[in-house]
Amino acid sequence: MMVQRIYLLLLLVHLPLFFFCGFPAILSLSDAEDPATKTMEDFSGYPIHEPHFPNSVSSMSVDIHSLQKQIDELSTFSDTPAPSVTRILYSEKDVLARRYVKNLMRLSGLSVREDFVGNIFGLWEGYEPELAPVSTGSHIDAIPYSGKYDGVVGVLGAIEAINVLKRFGFKPRRSLEVIMFTSEEPTRFGISCLGSRLLAGDEALVKSLDRTVDNQNVTFFHAARSADYANDQEELSSVFLKEGSYSAFVELHIEQGPILEEEGISIGIVTAIAAPASIKVDFEGNGGHAGAVLMPNRNDAGLAAAELALAVEKHALESGSIDTVGTVGILNLHPGAINSIPSKSHLEIDTRDIDEYRRNIVIEKIHQSALNISQKRGVKLLDFKIVNQDPPALSEKSIVKAMESASQELNLTHKKMISRAYHDSLFMARISPMGMIFIPCYKGYSHKPEEFASIEDITNGVKVLALTLAKLSLH
């Protein structure tokens with residue numbers, strides 16, 4: 001009898017290890033076949049799993065027709081015609097798309113709630129609801145004339161992953177929660193990952209939103225109120241989550257790059273997310289008539305902007321690392337007439353790296369170049385503003401292990417990789433251990449109408465996500 005008790009205690013102590021390393025074996029045993037499981041259930045007072053699981057995780061089924069239909073239907077909530085998708089924060093189409101997602105969550109049996117910035121949560125309560133939940137999700141907003149898979153796969157795919165586990169007969173120990181994040185894209189107010197930044201407790205962001213306007217001079221709070229969200233800073237502060245609110249966060253996403261497709265690999269397991277920084281620069285010159293002002297006498301703000309754009313490229317290339325990138329995504333000239341020398345110019349610069357120190361050196365060099373160009377060309381450097389300068393994020397090793405194990409058990413090829421695009425996971429990492437799953441996308445296309453991921457690749461991602469969530473829920 002004493003030996004049996006010692007055996008039982010050892011089994012309970014090492015149970016999490018079994019969940020990570022032998023999930024199929026555990027699921028293959030029914031109550032009748034596994035007396036040890038029944039003993040543990042009697043001892044603990046909780047079910048280890050629902051009875052009569054299938055023999056193998058390969059029998060997990062994704063409803064591919066419904067999932068593809070949902071992706072297609074969601075893409076119709078757009079301000080531009082198909083095949084492009086444009087869905088801007090708090091717009092009419094954004095509000096309709098949010099209703100669509102909330103309805104899908106309810107149809108899947110999830111308890112739905114929203115916070116004051118519009119993050120949407122769908123909860124599947126576990127049998128130990130007092131434990132910190134495992135969360136998953138992404139975003140559904142879309143930059144102008146983009147595609148229908150960026151972010152969407154991680155929201156609709158997460159809901160389907162819950163459905164997969166329910167069809168499989170799984171019962172979560174930790175609750176599982178699907179999150180649709182507000183405004184991952186910076187399109188309307190120039191702030192990326194707005195919802196996840198606020199969840200992570202960005203107090204400076206809350207204060208700045210009081211002064212933030214879009215390109216139509218509509219204030220953030222006016223836009224939010226129009227969609228029945230936050231009225232003031234105090235309500236936004238209620239969005240903050242404490243560190244440890246979730247035991248884990250896992251995001252499913254298209255790669256937005258060509259590596260997985262080119263190498264014929266099904267699953268990318270993200271180990272780190274590059275550190276992004278955004279910069280806004282304004283030059284002011286004298287302007288004048290394009291014919292009347294001679295070349296030696298010009299103080300051309302447009303050429304100052306052009307020279308700085310080339311300097312961004314130069315400094316990124318000089319970093320010595322392939323992981324350093326710099327992009328001038330916006331360059332505006334005033335007054336914008338063919339026969340007028342630009343008197344003002346505005347640039348918005350994106351630079352990122354997985355090494356924060358190296359990225360910051362590039363920012364310093366760009367700033368110094370802006371000062372030098374200003375002096376050399378006789379134009380004023382009106383503004384050099386670092387909008388955000390975020391640190392990189394590393395995936396939690398235990399989550400990486402769970403994703404690897406899930407891929408192996410599903411017989412899917414996989415590789416570890418870095419995300420050079422940033423995602424809501426970057427900010428969720430501040431309050432929770434984090435991991436990301438990538439699936440291939442056609443030619444690496446993203447943020448354009450040609451963006452595409454096959455339903456087969458999406459299905460693989462959903463299965464890996466479902467199995468990873470199950471492992472993390474039981475751990």
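Every read-out reported here was derived from the displayed coordinates using simple, explicitly stated rules and does not represent laboratory data. Given the structure is predicted, the values throughout are model-derived calculations rather than measurements. When we count neighbours, we look across all protein chains shown, and the Cβ atoms used for this are built from the backbone with ideal geometry, even at glycine.
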Q: Post the alpha-carbon centroid distance, the stretch 98-134 to the stretch 328-354, in whole angstrom.
A: 42 Å
Q.
Once R0 is set to 35 Å, what does the formula 1/(1 + (r/R0)^6) return for the Cβ-Cβ distance between A204 and E263, expressed as a FRET efficiency to the nearest 0.05?
A. 0.30
Q.
Just to be sure I understand the model, the point goes 7 Å from the Cα along the line to the Cβ. What's the resulting Y127 to S454 distance in nm?
A. 3.9 nm
Q: Taking the Cβ of each residue in E160, E456 as the centre, tally the other Cβ atoms inside 10 Å and list the residues starting with the fewest.
A: E456, E160
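Need the full-extension length gain, S245 to H289, defined as separation in residues times 0.36 nm minus the C-alpha distance. One decimal, nm.
Between S245 and H289, full extension yields an extra 9.8 nm.
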Q. Just going by the charge dipole of the chain, with Lys and Arg at +1 and Asp and Glu at -1 on Cβ, which of A309, A429, F168 is farthest out on the positive end?
A. A309
Q) Ranking H222, H253, H414, H65 by Cβ neighbours within 10 Å, fewest first, what do you get? A) H65, H222, H414, H253
Q: Determine the dipole magnitude for the chain: charges of +1 sit on the beta-carbon of Lys and Arg, -1 on that of Asp and Glu, nothing else is charged, the reference point is the Cα centre, and the result goes in debye to the nearest 20.
A: 480 debye
Q.
Run the reach check for K102 against lysines, Cα to Cα strictly under 21 Å, same-chain hits fewer than 8 apart removed. What comes back?
A. K69, K93, K148, K166
Q. Hey, how many Å between the Cα centroid of the stretch 400-445 and the Cα centroid of the stretch 241-269?
A. 2 Å
Q) Starting at 0 and stepping by 5 Å, how many percent of the alpha carbon pairs of the stretch 127-180 end up in each bin? A) 4, 20, 20, 21, 14, 10, 6, 3, 1
Q: Hey, could you grab the Kirkwood Rh for the stretch 186-298? Inverse mean 1/r over distinct alpha carbon pairs, Å, one decimal.
A: 18.8 Å
Q) Can you list residues whose amide H is under 5 Å from I439's amide H, if they're 5+ apart or on another chain and H is modeled 1.01 Å from N? A) H253, I254, E255, G268
Q) Thinking of the stretch 351-404 as a set of Cα atoms, what percent of all their pairs are more than 19 Å apart? A) 50 percent
**Q.** Positive-end extreme of charge dipole, the stretch 89-213 - chosen from L205, G190, Y90 (charges on Cβ)
**A.** Y90
Q. For the stretch 342-475, what is the charge dipole size about the Cα centre, in debye to the nearest 20, if Lys and Arg each add +1 at the Cβ and Asp and Glu each add -1 at the Cβ?
A. 520 debye
Q. Where the centroid of each part is defined by its Cα atoms, how far is the stretch 208-232 from the stretch 160-189 in Å?
A. 27 Å
